[in-house]
Amino acid sequence: MCFVNEIDYGTPASRSDKTVTLTIDGKDVTVPEGTSIMRAARMAGIEVPKLCANDMVKAFGSCRLCLVEIEGRAGTPASCTTPVAEGLKVSTQTERVQAIRRGIMELYMSDHPEDCPACAAGDCEMARMAETVGLKEIRYGREGENHIWPAHDGAANPHFLEPDLSNPYFAYDPSQCIVCSLCVRACEEVQGTFALTVEGRGFESRISAGMNEPFLESECVSCGACVQACPTGALREKSVIELGMPEWSTVTTCAYCGVGCSFKAEMKGEQVVRMVPYKEGKANRGHSCVKGRFAYGYATHKDRILNPMIREKITDPWREVTWEEALAHVAKEFRRIQYQYGRGAIGGITSSRCTNEETYLVQKLVRQGFGNNNVDTCARVCHSPTGYGLKTTFGTSAGTQDFDSVEHADVVMLIGANPTDAHPVFASRMKKRLREGAKLIVIDPRRIDLVRTPHVEAAYHLPLRPGTNVAVLTALAHVIVSEGLVDEAFVRERCEWDAFEDWAEFVLQPENSPEAVEKVSGVPAETIRAAARLYATGGNAAIYYGLGVTEHSQGSTAVMAIANLAMATGNIGRPGVGVNPLRGQNNVQGSCDMGSFPHELPGYRHISDEATRAIYEKIWGVKLDEEPGLRINNMLDAAVEGSFKGIYIQGEDILQSDPNTRHVAEGLAAMECVVVHDLFLNETANYAHVFLPGSTFLEKDGTFINAERRINRVRKVMEPKSRYADWEATQELARALGLNWNYKHPSEIMDEIAATTPTFAGVSYDLLEREGSVQWPCNEKAPLGTPVMHVDGFVRGKGKFVRTAYVATDEKTGPRFPLLLTTGRILTQYNVGAQTRRTDNVVWHAEDRLEIHPFDAENRGIRDGDWVKLASRAGETTLRAKVTNRVAPGVVYTTFHHPDTQANVVTTEYADWATSCPEYKVTAVQVSPSNGPTEWQRDYREHAQKSRRVVHAEPAE
Amino acid sequence: MSHEAGVKTGKEKLIYMANQIASFFETMKREEAVEGVADHINKFWEPRMRRQLFEIIDRGGDGLKPLVLEAAAHIKRPQEARA
């Protein structure tokens, strides 16, 4: 078993193209200008001792261990803060510097616990550095003033501080701290939260969270960057304290959001000791958030179901059965249903949580095995409009950049996205760029954190009324065209000129002027104008957007409006610009790429295309249906009408995540065989007849594709707890249905994907092993993938401008439902919460709250923390209120992480015109004081409890 | 709660969806709009949905926008249900 060790170069890389050559310890070294001597030395294989430096934060020069001598220069400069220069002659090991280092370490060690547990475990650099510099004795002893002893000679030690154990995942023990400030700098530079500081001076100086608060009560977001940076045992993962140091590790990919961070899973046997972000991970560059680093405990949670289960009726208790029995039952039921109700009476849902290989197999099962195209995925409810909108305008359905691109952006326009909560690691990278001076425009009904947060302030915030994105985006275009800010050379060369002219005429119409749009959106015309000017003229301008754009009745129109803006200003096809959807789930990009939609085969090729079908027909040996299949919502409609009777749902909780819960429940209840394949008895499983236990990302090999089209490896670190990895379970089901599938490893599935999908033609596990990751398209033209798309031309040839008329949603406020509800996420919880609710992350967010403006709250007699009833035309629920001015008057906001809240009981069935993506972001509601749960919540809880009963059968053998 | 907006019958939903599609294309040139609506429905509507749409159209198309009715000539009629 091996351990993935990464080199720490001590200071960050220099970006300079110019190189300089110097001599270090007699070796000639050539490095980019601006590199530190410490880094140059490490690049030459020479390790200079250090405590206060690492290569993720700027050098600080506080520990003085890295002193060196330079010929012709006085003194002993710190190698971390001294840049290289042509012809320098550096010595890192002279007797003089060695003596100084020993003296420094001796002082450090005189105030470091002799019995430091971290030193003993090998998790503390102090012991290693003492050894490196050859420290033999501590002449000062530990008797004098120190931070180590709680009491001395019967008197309390005023310098001693108790360990802070408030954070569930890490401990802070001040007695081991050397105040090197690496944690403070990591919090500032890497995470960008500024939660930590050094308070006091000299011997009194201390690391302090917030205003000298426990970590948990401070503004700390528990990303763990400080723990990772700490060279001593002062900040340590509690899991390491409990389990001891890891023995082996491998690189894998986080299974939470669409940023797709790379982690080293550090293990002891089959137990995860800690997850450490991987510096070579190109999405996260060594950073992480609280979910990825710490919230993996769900993988071994007692609620996990480990055996297949069956029941005849959804009111029966579950009965544990063997895999063989469960699969035979599903196969028999599905074939019966097809015989009785027709071939189109069953379908499947692929999971954006599962790997590409697994997703590919589920759609293959549907198309090859079920003989129809009734396959869909949860991208239906999040980014399907991105697919439609970008395909129409650019020719393919994906973000245009890599995350590194943000480092070259001069203007960032953030629309309907809240990355500090939903895509935290990307948010940190964005904040870093904003602190360097890039300008920010925020278009969002809520005053999200990025509007004003330490050292970041948006140039413009356009707090539009929910549902008016298209109007505002088209008004931005109006300003750009009417004020002559169009990049005409770009448009003439790269886009369809006729379509541009038609579009320009359209956006100039008076109803699209900022003044007219102010009336519907509530955004002052001048702000719209100023934002448009900044976007068009501020240098490299990049658009990042989220579900606040897509989850509307005009979601696809808004995506096209965004694409129009980027084309009109020439902000496409180079680093620092582009159109970047921030994808929700870890593999939602991949699930879409893998042909999870009912109208297209992998690689976004329409099912009606005969040549594409022929590729699959040849290797699958069946005739494929040329007609598009049903979308999730259509499947439910068809179920209610009686023509759809069976479904295989892998890793998605549609009852909780899809709109209008009652309708979903009604649809599921009308089916005869609902198969749920998941880790837990989720809410959908309340309506299931068969439950197949799923596997976590730790239990399988595969790949995820993140929001930047990056194909990252997922590596197995433990055996599947329920016997089969999800791809194996699907394969067994296919076999039970009579298909001859014989994949022995997910790499063979990827080989089939590569052989059949032009944009993946060059992808293989060997390539990923070599390169770490690649971004599709990856083929002959781009053997190592494509970081930036549409460089020399659009995928569709010429970019296409599309008219984006604003059509107000039919979900309107009125006297009965005067407020607009919009929904979102918070940092510590994830989507339906199935995972994060089963971790200590609940200490930050134990329940969903309804954010309401003080004005609206006061009008209704609602105080902070009160129970309130939230009612819409679709239904009602109760939750507790949070009175805040983050939301504008007239707007309320909630998250949907907890099933008891049932926020989707309230959301309606209004949906995007093109893709049926539900309009989660706009629901007309009323809020009133309440005493407790609604009847529906009570009934639902009772039903959920009943339907989760399991009868543990004696083993059959 | 009563069944109000948002909870429509299957036919009402289809009419609503078809009209929504038409609303997007309405601002375009007529020919482009007609083609746009038909192409969208051909590409994304499962045969069961198109069959229902034609049932509505064949009964006079009550509730459908004129653009949808105009596009109907270009929408593929699904083959008869197969077993």
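The values are calculated or read from the model by the stated rules, or taken from the named source; none is laboratory data. Just so you know, these numbers come straight off a predicted model, no measurement behind them. Ideal geometry is used to build each Cβ from the backbone, glycine not excepted, and the neighbour counts take in all protein chains shown.
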request  = Would you check if residue A:332 is surrounded by fewer than 17 Cβ atoms within 10 Å (Cβ to Cβ), part of a loop (DSSP other than H, G, I, E, B) and basic (Lys, Arg)?
outcome  = no
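In this structure, does residue A:643 turn out to be within 25 Å of residue A:910 (Cα to Cα) and surrounded by fewer than 20 Cβ atoms within 10 Å (Cβ to Cβ)? Can you show your working first?
Values: within 25 Å of residue A:910 (Cα to Cα): yes; surrounded by fewer than 20 Cβ atoms within 10 Å (Cβ to Cβ): yes.
Spelling it out, residue A:643 is indeed within 25 Å of residue A:910 (Cα to Cα) and surrounded by fewer than 20 Cβ atoms within 10 Å (Cβ to Cβ).
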query = Considering only strands (runs of 3 or more DSSP E) fully contained in segment A:377-479, which possess at least 3 residues that are closer than 21 Å to residue A:787 by Cα?
reply = A:411-415
task = Can you work out which of the residues in segment A:556-576 that are closer than 12 Å to residue A:480 by Cβ and of a type in the set (S, T, N, Q) is nearest to the other protein chains (Cβ to nearest Cβ)?
result = A:564
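Just to be sure, is residue A:547 among the hydrophobic types (A, V, I, L, M, F, W, C), in the same structural domain as residue A:396 (by TED's automatic domain parsing) and touching a Cys at 6+ places or on another chain (Cβ under 7 Å)? Steps first, answer last, please.
Values: among the hydrophobic types (A, V, I, L, M, F, W, C): yes; in the same structural domain as residue A:396 (by TED's automatic domain parsing): yes; touching a Cys at 6+ places or on another chain (Cβ under 7 Å): yes.
Taking the combined requirement at face value, the residue satisfies it.
Conditions (1) in a helix (DSSP H, G or I); (2) surrounded by 21 or more Cβ atoms within 10 Å (Cβ to Cβ); (3) charged (D, E, K, R); (4) at negative phi, marked per residue:
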position	(1), (2), (3), (4)
A:520	yes, no, no, yes
A:560	yes, yes, no, yes
A:576	no, yes, no, no
A:595	no, yes, no, no
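So which residues in segment A:522-535 are of a type in the set (A, V, I, L, M, F, W, C) and not in a helix (DSSP H, G or I), if there are any at all?
Of the residues in segment A:522-535, the ones of a type in the set (A, V, I, L, M, F, W, C) are A:523, A:525, A:528, A:530-532, A:534.
If the condition is that a residue be of a type in the set (A, V, I, L, M, F, W, C) and not in a helix (DSSP H, G or I), then A:523 is the only one that fits.
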note = Residues of segment A:790-825 being surrounded by fewer than 19 Cβ atoms within 10 Å (Cβ to Cβ) and either free of Cβ contacts under 8 Å to residues at least 40 places away in the same chain or away from every other protein chain (no Cβ under 14 Å) (or both), in sequence order, are A:791, A:792, A:793, A:795, A:796, A:797, A:798, A:815, A:818
request  = Among the residues of segment A:569-605, write down those that are in contact with a Gly (Cβ under 9 Å, 6 or more places away or on another chain) and basic (Lys, Arg).
outcome  = A:583, A:605
Residues (at negative phi and in a loop (DSSP other than H, G, I, E, B)) located in segment A:342-362 = A:351, A:352, A:353, A:354, A:355
remark   = Subset of segment A:164-175, residues under 17 Å from residue A:231 (Cα atoms) and either in a loop (DSSP other than H, G, I, E, B) or within 32 Å of the chain's Cα centre (by Cα) (or both), comes to A:170, A:171, A:172, A:173
inquiry  = Checking the conditions here, which among A:682, A:686 is at pLDDT below 95 and either within 21 Å of residue A:345 (Cβ to Cβ) or in a loop (DSSP other than H, G, I, E, B) (or both)?
reply    = A:682
message = Taking the criterion of being within 13 Å of residue A:89 (Cα to Cα), charged (D, E, K, R) and surrounded by fewer than 24 Cβ atoms within 10 Å (Cβ to Cβ), would at least one residue in segment A:6-18 satisfy it?
response = no
request  = Please give the helices (runs of 4 or more DSSP H) falling wholly within segment B:1-75 in which 2 or more residues are touching a Ser or Thr at 6+ places or on another chain (Cβ under 9 Å), at pLDDT 90 or above and within 11 Å of chain A (Cβ to nearest Cβ).
outcome  = B:10-25, B:30-44
ask   = So which of A:353, A:336, A:380, A:343 is among the basic types (Lys, Arg) and away from chain B (no Cβ under 14 Å)?
value = A:353
Residues (touching a residue at least 60 places away in the same chain (Cβ under 8 Å), of a type in the set (Asp, Glu) and in contact with a strand residue (DSSP E or B) (Cβ under 9 Å, 6 or more places away or on another chain)) located in segment A:1-60 = A:6, A:25
ask   = For segment A:192-237, which residues satisfy the criterion of being under 24 Å from residue A:456 (Cα atoms), part of a loop (DSSP other than H, G, I, E, B) and small (Gly, Ala, Ser)?
value = A:192, A:195, A:210, A:218, A:222, A:224
message = Quick check on my filter: what residues within segment A:69-124 are among the basic types (Lys, Arg) and not in a loop (DSSP other than H, G, I, E, B)?
response = A:89, A:96, A:101, A:102
message = Suppose we filter segment A:661-700 for residues that are crowded, with 24+ Cβ neighbours inside 10 Å, away from chain B (no Cβ under 14 Å) and among the small types (Gly, Ala, Ser); how many remain?
response = 4
query = Of the residues that make up segment A:40-56, is at least one part of a strand (DSSP E or B) and surrounded by 20 or more Cβ atoms within 10 Å (Cβ to Cβ)?
reply = no
note = Given (1) without any contact (Cβ under 8 Å) to a residue 24 or more places away in the chain; (2) acidic (Asp, Glu); (3) surrounded by 24 or more Cβ atoms within 10 Å (Cβ to Cβ), residue A:610 misses just (3)
key: Residue list for segment A:460-510, restricted to those being without any contact (Cβ under 8 Å) to a residue 12 or more places away in the chain and within 18 Å of residue A:546 (Cα to Cα)   = none
